[in-house]
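The values are calculated or read from the model by the stated rules, or taken from the named source; none is laboratory data. Values in this document were obtained by computation on a predicted structure and should not be read as measured data. We place every Cβ from the backbone using ideal geometry, glycine too, and count neighbours over all the protein chains shown.
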Amino acid sequence: MKHSAFLSRPLDARSPVPQGFATFVASAGIRNHTRDIAVVHAEVPCAVAGVYTRSHFAGAAVRASRTQLAKGSARALLVISKNANVATGVQGEADLDLLLETLSQELAIAPDEIQTAATGVIGKRLPVERIAACLAETRERLSRPPDFLSFAEAIMTTDTTRKAVAMRVGKSVLIGVAKGVGMIEPDMATLLVYFFTDARIAQPALQSMLAQVADRTFNCITIDSDTSTSDSCVALSSGLAGPVETNAFADALLDVASHLAMLVLRDGEGVTKVFTTIVEHAESDAVARAVAKSIANSPLVKTAIHGADPNWGRVAMAIGKCDRKFRIDPQRTRISICGTCVYPAADEAALAALRGTMAAAEHIELRVDLAAGHGRAEAWGCDLSPAYVELNSHYTT
């Protein structure tokens, strides 16, 4: 996954938008007066692809969307922010059903044509009446052309900035929108991520591409090693711009997803630095990924990154605690930070210079060579700062 020189560009008022979509955003006052309801309506049935959290505590919206995905097409998307509607039992499912029915009547479509998501505080019931009242205004307030910047703002929780990028693919347009800054180590796709395009892509091909791209991008990032109960990644294709070359679209999807993943990581709660962990010459790609994630998730590595401390012993620790079945030989392993080999040999002068390099860098690279095979993987991580602890210690109070 690349972390610079993206071909996609941040979405702004001059960006092209895909044909066939309209948007609606509103505030139901779920937690404050900011926008917390977001709807995308498609003028035509769209090919739909999706990957979702594998959490045992997956929310009602995730379960409903998994079921809807089997239909293969969708006409709308409903996102509720500031409340995840997770661990709310049968009542939470009934609340969601009522809201989907309300929206379907407004848009003159069936409830099973709607993908949905909810994100925010866990364990609280949705203010159904207030949300339903907002949705009852959808038809009259749909924005054409679609306002994806407002959509990106409405799905935010503790995000500090909107995350939306756009890219042309032949005659079509691809837009990606994401939210998420905490409770992030995806186990499917990640966070909430949405792709909208007017390229004509067959549903099976779109599903295959989305799953592969999610695995190469969102599944490679971690902010705090915690997997959300609401993670959803969905793509909608109206097809109105006609067919597009498959490989070109797959490359564009990878670019947009990589860009969004980096925006999420940089906006992580309390984040001041990001880092890439590259593990090479492991016995398999799976082992390389496990080792890379172990390093990226280590609180001790993360705090060392925050303090610009080239403490390679913490990296060695994170490698060493991995599964005993892995072929890891300390005598053959090499560890480098920002291009400087720190294990097995690094003198004090080199470490002193490295401290300055790390302090000045916005993006730090850790590289591990296990000399055990051809496996390779990357993981993207971030530092752990006092601001993360402060924010999350008062999340519901």
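Please verify whether S15 is crowded, with 24+ Cβ neighbours inside 10 Å and at pLDDT 95 or above, treating the condition exactly as stated.
Details: crowded, with 24+ Cβ neighbours inside 10 Å: no; at pLDDT 95 or above: yes.
Taking the combined requirement at face value, the residue does not satisfy it.
Being crowded, with 22+ Cβ neighbours inside 10 Å and not in a helix (DSSP H, G or I) is the filter here, so list the residues in segment 282-317 that pass it.
A282, S298, P310
For segment 18-40, give me the residue count where each residue is under 17 Å from E153 (Cα atoms) and either outside any loop (DSSP other than H, G, I, E, B) or within 21 Å of the chain's Cα centre (by Cα) (or both).
Our first condition is that a residue be under 17 Å from E153 (Cα atoms); within segment 18-40, this holds for 22-40.
After this cut, where a residue has to be either outside any loop (DSSP other than H, G, I, E, B) or within 21 Å of the chain's Cα centre (by Cα) (or both) as well, the list is 22-26, 35-40.
Within segment 18-40, residues that are under 17 Å from E153 (Cα atoms) and either outside any loop (DSSP other than H, G, I, E, B) or within 21 Å of the chain's Cα centre (by Cα) (or both) number 11.
Looking for something at pLDDT 95 or above, polar (S, T, N, Q), in the same structural domain as E140 (by TED's automatic domain parsing) and in contact with a helix residue (DSSP H, G or I) (Cβ under 9 Å, 6 or more places away or on another chain) - is there at least one such residue anywhere in segment 90-102? Write out each step before concluding.
If we filter segment 90-102 for residues that are at pLDDT 95 or above, which is where we start, we get 90-102.
Remaining after also requiring polar (S, T, N, Q): 91, 102.
Checking which are in the same structural domain as E140 (by TED's automatic domain parsing) leaves us with 91, 102.
Then keep just the ones that are in contact with a helix residue (DSSP H, G or I) (Cβ under 9 Å, 6 or more places away or on another chain); that gives 102.
Checked segment 90-102: at least one residue is at pLDDT 95 or above, polar (S, T, N, Q), in the same structural domain as E140 (by TED's automatic domain parsing) and in contact with a helix residue (DSSP H, G or I) (Cβ under 9 Å, 6 or more places away or on another chain).
Which residues, counting only those in segment 318-367, are in a helix (DSSP H, G or I), modelled with pLDDT of 95 or more and not hydrophobic (A, V, I, L, M, F, W, C)?
G320, R355, G356, T357
If I ask for residues that are part of a loop (DSSP other than H, G, I, E, B) and of a type outside the set (A, V, I, L, M), which ones from segment 368-388 would you list? Before you say what the answer is, go through the steps one by one.
Start the filter on segment 368-388 by keeping residues that are part of a loop (DSSP other than H, G, I, E, B), which leaves 370-374, 383-385.
Those that are part of a loop (DSSP other than H, G, I, E, B) and of a type outside the set (A, V, I, L, M): G373, H374, D383, S385.
Considering only residues that are within 22 Å of V315 (Cα to Cα) and out of contact with any helix residue (DSSP H, G or I) (no Cβ under 9 Å at 6 or more places or on another chain), look in segment 263-281 and name the one that is surrounded by the most Cβ atoms within 10 Å (Cβ to Cβ). Can you show your working first?
We begin by selecting, within segment 263-281, every residue within 22 Å of V315 (Cα to Cα); these are 265-266, 268, 270-281.
Keeping just the survivors that are out of contact with any helix residue (DSSP H, G or I) (no Cβ under 9 Å at 6 or more places or on another chain) gives 265-266.
Values: L265: 24, R266: 19.
Looking at the filtered set, the residue picked out is L265.
Going by the structure shown, is I295 under 13 Å from L366 (Cβ atoms), out of contact with any Ser or Thr (no Cβ under 7 Å at 6 or more places or on another chain) and not aromatic (F, W, Y)? Before you say what the answer is, go through the steps one by one.
Details: under 13 Å from L366 (Cβ atoms): yes; out of contact with any Ser or Thr (no Cβ under 7 Å at 6 or more places or on another chain): no; not aromatic (F, W, Y): yes.
Against the criterion (under 13 Å from L366 (Cβ atoms), out of contact with any Ser or Thr (no Cβ under 7 Å at 6 or more places or on another chain) and not aromatic (F, W, Y)), I295 does not qualify.
Hey, could you check segment 335-369 for residues that are more than 29 Å from the chain's Cα centre (by Cα) and surrounded by 20 or more Cβ atoms within 10 Å (Cβ to Cβ) and say which is nearest to A296 (Cα to Cα)?
Among those residues, the one meeting the criterion is V342.
Can you name the condition, by its number, that G120 falls short on among (1) at pLDDT below 95; (2) assigned to a helix (DSSP H, G or I)?
(2)
Looking for something buried (at least 24 other Cβ atoms within 10 Å of the Cβ), touching a residue at least 12 places away in the same chain (Cβ under 8 Å) and on the phi > 0 side of the Ramachandran plot - is there at least one such residue anywhere in segment 65-77?
No, segment 65-77 contains no residue that is buried (at least 24 other Cβ atoms within 10 Å of the Cβ), touching a residue at least 12 places away in the same chain (Cβ under 8 Å) and on the phi > 0 side of the Ramachandran plot.
From (1) at pLDDT 95 or above; (2) closer than 17 Å to C233 by Cα; (3) out of contact with any helix residue (DSSP H, G or I) (no Cβ under 7 Å at 6 or more places or on another chain); (4) surrounded by 23 or more Cβ atoms within 10 Å (Cβ to Cβ), pick out the condition that doesn't hold for M156.
Among (1) at pLDDT 95 or above; (2) closer than 17 Å to C233 by Cα; (3) out of contact with any helix residue (DSSP H, G or I) (no Cβ under 7 Å at 6 or more places or on another chain); (4) surrounded by 23 or more Cβ atoms within 10 Å (Cβ to Cβ), M156 violates only (1).
Within segment 242-261, restricting attention to residues that are surrounded by fewer than 21 Cβ atoms within 10 Å (Cβ to Cβ) and not in a strand (DSSP E or B), which residue is farthest from the chain's Cα centre (by Cα)?
Taking segment 242-261 as the starting set, the residues that turn out to be surrounded by fewer than 21 Cβ atoms within 10 Å (Cβ to Cβ) are 242-243, 245-248, 250-251, 254.
If we keep only those that are not in a strand (DSSP E or B) too, we end up with 242, 245-248, 250-251, 254.
Values: G242: 28, E245: 26, T246: 23, N247: 23, A248: 22, A250: 18, D251: 18, L254: 13 Å.
It comes out as G242.
Return the pairs, sorted by first residue and then second, in which the second residue is among the aromatic types (F, W, Y) and assigned to a strand (DSSP E or B), the first residue lies in segment 330-341 and is under 18 Å from G375 (Cα atoms), the beta carbons are less than 8 Å apart, and the residues are 6+ apart or on different chains.
T333/Y343; R334/Y343; I335/Y343
If you scan segment 56-76, which residues turn out to be part of a strand (DSSP E or B) and either under 20 Å from G89 (Cα atoms) or touching a Cys at 6+ places or on another chain (Cβ under 8 Å) (or both)? Give the steps one after another, and end with the answer.
Start the filter on segment 56-76 by keeping residues that are part of a strand (DSSP E or B), which leaves 73-76.
Answer for segment 56-76, where residues must be part of a strand (DSSP E or B) and either under 20 Å from G89 (Cα atoms) or touching a Cys at 6+ places or on another chain (Cβ under 8 Å) (or both): S73, A74, R75.
Conditions first: (1) farther than 30 Å from S298 by Cβ; (2) in a strand (DSSP E or B). L149 passes all but one, so which condition is the exception?
(2)
Quick grid of which residues meet (1) surrounded by 21 or more Cβ atoms within 10 Å (Cβ to Cβ); (2) touching a residue at least 12 places away in the same chain (Cβ under 8 Å); (3) in contact with a Lys or Arg (Cβ under 6 Å, 6 or more places away or on another chain):
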site: A136; (1), (2), (3): no, yes, no
site: A152; (1), (2), (3): yes, yes, yes
site: R162; (1), (2), (3): yes, yes, no
site: G176; (1), (2), (3): yes, yes, no
site: G182; (1), (2), (3): yes, yes, no
site: F195; (1), (2), (3): yes, yes, no
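Any residue in segment 27-52 that is closer than 17 Å to L191 by Cα sitting within a Cβ distance under 7 Å of a residue that is surrounded by 24 or more Cβ atoms within 10 Å (Cβ to Cβ) and among the basic types (K, R)? List the pairs, counting only those 6 or more apart or interchain.
Pairs that qualify, where the first residue is closer than 17 Å to L191 by Cα and the partner is surrounded by 24 or more Cβ atoms within 10 Å (Cβ to Cβ) and among the basic types (K, R), are D36/K82.
Among A164, A118, A178, which is among the small types (G, A, S) and within 20 Å of A64 (Cβ to Cβ)?
Values: A164 fails: within 20 Å of A64 (Cβ to Cβ); A178 fails: within 20 Å of A64 (Cβ to Cβ).
Being among the small types (G, A, S) and within 20 Å of A64 (Cβ to Cβ) holds for just one of A164, A118, A178, which is A118.
Give just the number: which of (1) free of Cβ contacts under 8 Å to residues at least 12 places away in the same chain; (2) crowded, with 20+ Cβ neighbours inside 10 Å; (3) among the hydrophobic types (A, V, I, L, M, F, W, C) does A94 not satisfy?
Answer for A94: the failing condition is (2).
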